[in-house]
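What follows is a set of notes on a single structure, which appears directly below.
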Amino acid sequence: MSVACAPKGMTYVEFIQDRLEAAKTVEPSRCGWGMMLSLAALGPIYSVVYTKVAIHPGGFLDQMTVPDSDIPSGVAEAKWYEVPGIWWNVVEQLSWTMLGKQSSFGRQFRPVANNE
């Protein structure tokens, strides 16, 4: 994964497997699975919107989108062949924010296991 806070060498598949196991430990259990379903439902939409906003700053979507640290910077006017990589980095970052980042509100997953 390219997310700075993720354990070094962890792949996205390993991250998702870890989060699936962590969802089993959240009480009440529906909260953990709800977070996973939120990522599955909202992740594809947000990743496309955030990628579009990052590549075309100042555009219509940028003006309609609340600033978010998950929106990449420094990729304005990226070439078409760079877009898939930017999009995938957004997917990883959103996944980390929704499922891996420790927060002080609501029910939360256990910390991400360090597979080293």
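Here are the numbers for this structure:
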| item | result |
| --- | --- |
| Search result, residues across segment 27-64 that are modelled with pLDDT of 95 or more and among the hydroxyl-bearing types (Ser, Thr, Tyr) | Tyr46, Ser47, Tyr50, Thr51 |
| Some residue of segment 76-83 being surrounded by fewer than 17 Cβ atoms within 10 Å (Cβ to Cβ), among the β-branched types (Val, Ile, Thr) and without any contact (Cβ under 8 Å) to a residue 60 or more places away in the chain | yes |
| Val112 among the aliphatic types (A, V, I, L, M), surrounded by 13 or more Cβ atoms within 10 Å (Cβ to Cβ) and in a helix (DSSP H, G or I) | no |
| Top-ranked residue in segment 3-35 [being touching a residue at least 24 places away in the same chain (Cβ under 8 Å), part of a loop (DSSP other than H, G, I, E, B) and among the β-branched types (Val, Ile, Thr); ranked as surrounded by the fewest Cβ atoms within 10 Å (Cβ to Cβ)] | Thr25 |
| Conditions (1) in a helix (DSSP H, G or I); (2) surrounded by fewer than 17 Cβ atoms within 10 Å (Cβ to Cβ); (3) in contact (Cβ under 8 Å) with a residue 60 or more places away in the chain; (4) of a type in the set (Ser, Thr, Tyr); number of the one not met by Ser95 | (2) |
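So that you can scan it fast, the table gives a plain yes or no per residue for (1) in a loop (DSSP other than H, G, I, E, B); (2) of a type in the set (D, E, K, R); (3) without any contact (Cβ under 8 Å) to a residue 24 or more places away in the chain; (4) at negative phi:
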position: Leu37; (1), (2), (3), (4): no, no, yes, yes
position: Ala41; (1), (2), (3), (4): no, no, yes, yes
position: Val48; (1), (2), (3), (4): no, no, no, yes
position: Val53; (1), (2), (3), (4): no, no, yes, yes
position: Gly58; (1), (2), (3), (4): yes, no, yes, no
position: Asp70; (1), (2), (3), (4): yes, yes, no, yes
position: Gly74; (1), (2), (3), (4): yes, no, yes, no
position: Ile86; (1), (2), (3), (4): no, no, no, yes
position: Val91; (1), (2), (3), (4): no, no, no, yes
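The values are calculated or read from the model by the stated rules, or taken from the named source; none is laboratory data. Quantities reported herein were computed from a predicted structural model and do not represent experimental measurements. Methodologically, a virtual Cβ is constructed for each residue, glycine included, from the backbone with ideal geometry; neighbour enumeration extends over all protein chains shown.
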